[in-house]
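Some notes on the structure that comes next.
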Amino acid sequence: MDRTYRLFARKMLNQSGERTLICSIAPAGTTHINGIIGFVFKNDGDMLLSSGLWASLPYDFLIKTLGKANLNFDSAASFPVTTGLYNSEIKVRSLLLNCLTDLYAKLYNRSFIQEFRTMSWTNKDARLGSKVFTDLPSSWNMDAPLRTDYRRHQALVELDVLTSMALGMTLDELISIYQIQFPVLQQHEADTWYDTNGRIVLQTIVV
């Protein structure tokens, strides 16, 4: 049985939707149809980093600018790869967003490093919890991944900012990209409301 985790992405690119580049890490042994394109990496760290980067607005903007109808290997090969002090911050958020079931336990266990416990949210909102990172288990369990809507949203927002900093972008440049290129995402976020437990209680979907 194939024990390789892979990064799956939707092949068809929706230039007018909330997001254009849509991807997630697939459990080992998973296959896919032609509507999906799969990427194998030499190591888990590179896959986690790429998953985090590809989930960010700067990379979504990059694929938008290519103007292609479908994602292919040549397009993915043109994506920049970051190196530096933000990579661990990106990897841990990628890990916690993807490892939702025990099918990801091996990926979590071999990717966990003590450095993850030194990290924290950039927002002090009580719905995030102050010990999500400091109390991370070294072995996967049901409490390890991010499960509430608010925590997952915050992780994605922080990936946007971390990726921007890793690429040398300014905050103003990130905000400009968001305001100009992501009108559907803006409307969804403006019309999404969370309760005190971080669950979505009202969301208006643009069609």
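Going by the alpha-carbon gyration tensor, a ≥ b ≥ c the square roots of its eigenvalues, is segment 110-207 rounded (a/c under 1.5) or, if a/c is not under 1.5, prolate (a/b greater than b/c) versus oblate? The shape class here is oblate. Between segment 141-185 and segment 66-122, how many Å separate their Cα centres? Cα centres, segment 141-185 to segment 66-122: 13 Å. Is segment 1-80 best put as rounded, prolate or oblate by its Cα gyration tensor, with a ≥ b ≥ c the root eigenvalues, rounded for a/c under 1.5, and otherwise prolate when a/b is larger than b/c, oblate when not? Since a/c reaches 1.5 and a/b is larger than b/c, the shape of segment 1-80 is classed as prolate.
So what is the calculated 222 nm ellipticity per residue for the chain, using -39500 (n - 2.57) for each DSSP H run with n of 4 or more, over all residues, to the nearest 500 deg cm²/dmol?
Numbers: 8 runs with 82 residues, N = 207.
Result for the chain, helices only: -11500 deg cm²/dmol.
Once a ≥ b ≥ c are taken as the square roots of the eigenvalues of the Cα gyration tensor of segment 6-203, is the result rounded (a/c under 1.5), prolate (a/b larger than b/c) or oblate (a/b not larger than b/c)? Cα axes put segment 6-203 in the rounded bin. Normalised by the number of residues in segment 84-196, the average gap of Cα pairs under 8 Å and 6 or more apart makes the relative contact order 29 percent. A simple count of charges around residue 167, restricted to other residues whose Cβ falls under 12 Å of its Cβ and scoring Lys, Arg +1 and Asp, Glu -1, yields -2. Between 86, 51, 139, the Cα set farthest toward the positive side of the dipole of the chain (charges on each charged residue's Cβ, about the Cα centre) is that of 139. Computed about the Cα centre, the dipole magnitude for the chain is approximately 500 debye when only Lys and Arg (+1) and Asp and Glu (-1) carry charge, each at its Cβ. Only helices reaching 24 angstrom along their own axis (Cα) with mean Kyte-Doolittle hydropathy no lower than -1.0 count here, and for the DSSP H runs of the chain these are 149-166.
Since every read-out is calculated from the coordinates, none of them should be taken as a lab result. All of these numbers come straight from a predicted model, not from anything done at the bench. Don't worry about glycine lacking a Cβ; one is built from the backbone with ideal geometry, like all the others, and counts go over all protein chains shown.
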